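Reviewing the structure listed below.
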Amino acid sequence: MSSSRGTQIKEKVKCSCKGTNLDKLLQPNILILLCNQNIHGYSIIQELENKKLFHGEKADPAGIYRTLKMMEEKSLIESEWDVMESGAPRRIYAITAAGKRCLSSWIKTLEDYQRSIEGIIIEAREVLK
């Protein structure tokens, strides 16, 4: 494979090694946001973009709305339409008791991930010496 073709492939595919495929971390971040306030989807997207999760890149709104729908189907969050006198109606999201229990479970899961990641970093540094 020529280097120019390899470069083209690298540009098209976002490698997990760059931290771009961390969509599983959307769920705990959304739950954290909704613990603080009930907000509509667009505000969730804006708040997520301000977090380190996206490394300064734009969030994928369709992906976030899919995640919100999945979370609502699992009863982790709930929503209702906010019909304003002016402007389009917006769906306002709120965390449920099940969502708070889920977030509590995420703490242990993330702590376990953190320990595993620390081990991987140590091993990777060792083999690259």
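Please treat every number below as a calculation from the coordinates, not as lab data. Fair warning: this is a prediction, and the values are worked out from it, not measured in the lab. In this analysis, Cβ positions are derived from the backbone assuming ideal geometry, glycine residues included, and neighbour counts consider all displayed protein chains.
Amide H neighbours of Asp60 under 5 Å, at least 5 residues apart or on other chains, H built in the peptide plane: list them.
When sequence neighbours closer than 5 places are left aside, there are no close amide H contacts.
Percent relative contact order of the stretch 14-129, based on C-alpha pairs within less than 8 angstrom and at least six residues apart?
Relative contact order of the stretch 14-129: 25 percent.
PRE reach from Leu110 (point 7 Å along Cα→Cβ): which of the stretch 34-49 fall under 16 Å by backbone N?
34-37, 47-49
Which FRET efficiency, nearest 0.05, do Ile92 and Lys24 yield, Cβ-Cβ r, R0 25 Å?
The formula returns an efficiency of 0.50 here.
Using a Förster radius of 22 Å, what is the FRET efficiency between Asp60 and Trp81 based on their Cβ-Cβ separation? Nearest 0.05, please.
Plugging the Cβ-Cβ distance into 1/(1 + (r/R0)^6) gives 0.40.
For the stretch 64-72, just list the computed ³J(HN,Hα) in residue order, Karplus coefficients 6.51, -1.76 and 1.60, θ = phi - 60°, integers in Hz, with x standing in for Gly and Pro.
5, 5, 5, 5, 4, 4, 4, 5, 5
Cα-Cα over 25 Å: which of Lys51/Lys108; Lys51/Lys129; Lys24/Lys51; Lys58/Lys129?
In this structure, Lys51/Lys129; Lys58/Lys129 exceed 25 Å between Cα atoms.
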